[in-house]
1. How large is the convex hull of the C-alpha atoms of the stretch 68-153 per residue, in Å³?
2. With all protein chains present, how much of the accessible area of the stretch 1-125 (probe radius 1.4 Å) comes from carbon and sulfur, to the nearest whole percent?
3. For the stretch 139-152, what does the Karplus curve 6.51 cos²θ - 1.76 cosθ + 1.60, with θ = phi - 60°, yield as ³J(HN,Hα) per residue in whole Hz, taken in order and with x for Gly and Pro?
4. Can you compute the helix-only [θ] at 222 nm over the chain? Use -39500 (n - 2.57) per DSSP H run of at least 4 residues, normalise by all residues, nearest 500 deg cm²/dmol.
5. What are the ³J(HN,Hα) values, in whole Hz, obtained from phi via the Karplus relation 6.51 cos²θ - 1.76 cosθ + 1.60 with θ = phi - 60°, for each residue of the stretch 111-128 in sequence order, with x given for Gly and Pro?
6. Using a/c under 1.5 as the rounded threshold, could you call the stretch 66-112 rounded, prolate or oblate? The axes a ≥ b ≥ c are square roots of the C-alpha gyration tensor eigenvalues, and prolate needs a/b larger than b/c, oblate otherwise.
7. For the stretch 96-101, take each phi angle, set θ = phi - 60°, evaluate the Karplus expression 6.51 cos²θ - 1.76 cosθ + 1.60, and give the result in whole Hz per residue in order, putting x for glycine and proline.
8. I need the Debye-formula profile for the stretch 1-109: one equal scatterer per C-alpha, no solvent, reported as log10 I(q)/I(0) at q = 0.19, 0.22, 0.23 1/Å, two decimals.
Amino acid sequence: MTMDEIISFVDGLDGVLTLRPAPGDGSPEIGWGDTFFSYAPDGVTPTATQPFATIVTKNYPGDEASRLDRPDTFRVNISAGKDEFIRWTGHAPREPAPTEVDPSTADAVIAHPVYGTVGWLAVVNPGPRTEAATRELLHTAHHLARSRHERRT
């Protein structure tokens, strides 16, 4: 899967606001080139919630384990809920992982190397093994974000 395919898929879900920070738009430089997906049917960037998924194209301070500094490497980060986290990792978010997983492994659904403890999943360069799972997880994350929004409004 390419980043553009992922962005197109998530953009096709109802009520999604996609932010793609870039030079000159007033966003912090660290976010340039990354993509942030929020449920915002009114088109206004939410201030009280986090995105339900992101695509990052570079290492962030304290988040270097995925080695996103390699050419053509990106990571999809997905907040698909506790049940999906357990399904894919075999343990609850705050429990230790039963086995070590290399966070730089491509085409594998893993606990996010930094935010796994709060239930985020990640996929470095989704490919043939994880394309269907990535789409399913993004759809689930969108559904959860929409449900949270509807409860609040």
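The values are calculated or read from the model by the stated rules, or taken from the named source; none is laboratory data. What you are looking at is a predicted structure, and each value in this text was computed from that prediction instead of being measured. Here the Cβ positions follow ideal geometry from the backbone for every residue, glycine too, while neighbour counts run over all protein chains shown. What goes into the accessible areas is simple: the full protein's heavy atoms, side chains included, and nothing from ligands, DNA or RNA. Shrake-Rupley method; radii C 1.70, N 1.55, O 1.52, S 1.80 Å.
1. On the way: hull volume 8.8 nm³, N = 86.
Cα convex hull per residue, to the nearest whole number: 102 Å³.
2. 54 percent
3. 5, 5, 4, 4, 4, 5, 5, 5, 4, 4, 4, 5, 5, 6
4. -8000 deg cm²/dmol
5. So the Karplus estimates, Gly and Pro as x, are 5, 4, x, 10, 9, x, 5, 10, x, 7, 9, 8, 9, 7, 6, x, x, x Hz.
6. Numbers: a/c = 2.79, a/b = 1.76, b/c = 1.58.
Prolate, since a/c reaches 1.5 and a/b exceeds b/c.
7. Per-residue couplings from phi come out as x, 5, x, 9, 6, 10 Hz.
8. Log10 I(q)/I(0), no solvent term: -1.19, -1.42, -1.46.
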